[in-house]
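All remarks here apply to the structure that follows.
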Amino acid sequence: MDPIDQAIIIFLSEDPDLTMKEIAEQVNLTQPSIGSRVRSLREQGFLQKIYGINFEVANLQIVRVDIQTKDINELIDKIALKTNILNIFTLTGEYNLSIYFFGKNLAETNQFIDKHIRNNSVIAKIKVNIINKIISNPVLPSMFNNNNNNNNKHSLKKTDKDLKNNGHYPLPKIQALILALLKEHHEVHPNRLLSNIQELIDFGLTDYKYRLSHAKIKTHIECLNELGLVEYIQCGSTKFVRLKN
């Protein structure tokens, strides 16, 4: 997977409704090229579209139940197909299973736990938590492990033609914008980067038009870090980001 594939995954995780044309404009490639890459990513299992609901808008509770059980497989078989189960994870440590499910209210939540979890003979102990707020969509951040950082470095001074001729690809516009800001301000806190970019968007000084959040900025910075373009520095308890020399 090269940087352009990583950029496609980032864009689609931010906005699954983007067209191939819109993605192509962001990464400076042709629409057929982007379409081919998206098909390949789907065939390899990197991209998957899942439809769901907004839990806050629907006023539903999300509940996490950590379980200590002597028979993980038996418990999973009994509850995995329940319609309100969101996901199930096996864990290390005192609790070896974690279940996420949703309910309309506290009474329905307790009823489900009593009926399907608490009275199960293979369960030794449980811990229940109701999730108060979802900070961002539960999508795996696009933080890729790249063992060839030295071969994937980009330069803002290079043109798109230079990059393609050298076997590289232009960075997504948001990442190029991050690098440009870091070039001006040297060491910057990620939250400050978000504020600066949002100001540029608000004043029409950039053609980047997609919604941003702290989580998305962090994802883009991590991607640049994996490419060897930026690095983190620790100042006391605060972590800043800067261009890598």
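The values are calculated or read from the model by the stated rules, or taken from the named source; none is laboratory data. Since the structure is predicted, the reported quantities are computational estimates derived from the model, not experimental observations. Here the Cβ is made from the backbone with ideal geometry for all residues, glycine too, and neighbour counts use every protein chain on show.
Values as computed for the structure displayed
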| item | result |
| --- | --- |
| Those residues of the stretch 222-240 which are part of a loop (DSSP other than H, G, I, E, B) and either surrounded by 10 or more Cβ atoms within 10 Å (Cβ to Cβ) or on the phi > 0 side of the Ramachandran plot (or both), in sequence order | Leu227, Gly228, Leu229, Gly236 |
| Of the criteria (1) small (Gly, Ala, Ser); (2) under 16 Å from Asn129 (Cβ atoms); (3) surrounded by fewer than 17 Cβ atoms within 10 Å (Cβ to Cβ), which one Ala107 fails | (2) |
| Residue list for the stretch 13-52, filter: under 17 Å from the mean Cα position of the chain (by Cα), farther than 22 Å from Asn87 by Cα and surrounded by 15 or more Cβ atoms within 10 Å (Cβ to Cβ) | Leu18, Leu41 |
| Residue check, Thr30 assigned by TED's automatic domain parsing to the domain that holds Thr206, of a type in the set (Ser, Thr, Tyr) and closer than 21 Å to Thr206 by Cα | no |
| Criterion (over 30 Å from Asp114 (Cα atoms) and at pLDDT 80 or above) met by exactly one of Glu25, Glu94 | Glu25 |
| Some residue of the stretch 161-171 being surrounded by 15 or more Cβ atoms within 10 Å (Cβ to Cβ), modelled with pLDDT of 55 or more and either more than 22 Å from the chain's Cα centre (by Cα) or under 21 Å from Leu12 (Cβ atoms) (or both) | yes |
| Criterion violated by Val188 - all others in (1) crowded, with 16+ Cβ neighbours inside 10 Å; (2) closer than 20 Å to Glu14 by Cα; (3) modelled with pLDDT of 80 or more satisfied | (2) |
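Condition check ((1) in a helix (DSSP H, G or I); (2) of a type in the set (A, V, I, L, M)) across all residues:
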residue	(1), (2)
Asp17	no, no
Lys21	yes, no
Arg42	yes, no
Ala58	no, yes
Asp66	no, no
Asn73	yes, no
Leu81	no, yes
Phe89	no, no
Gly93	no, no
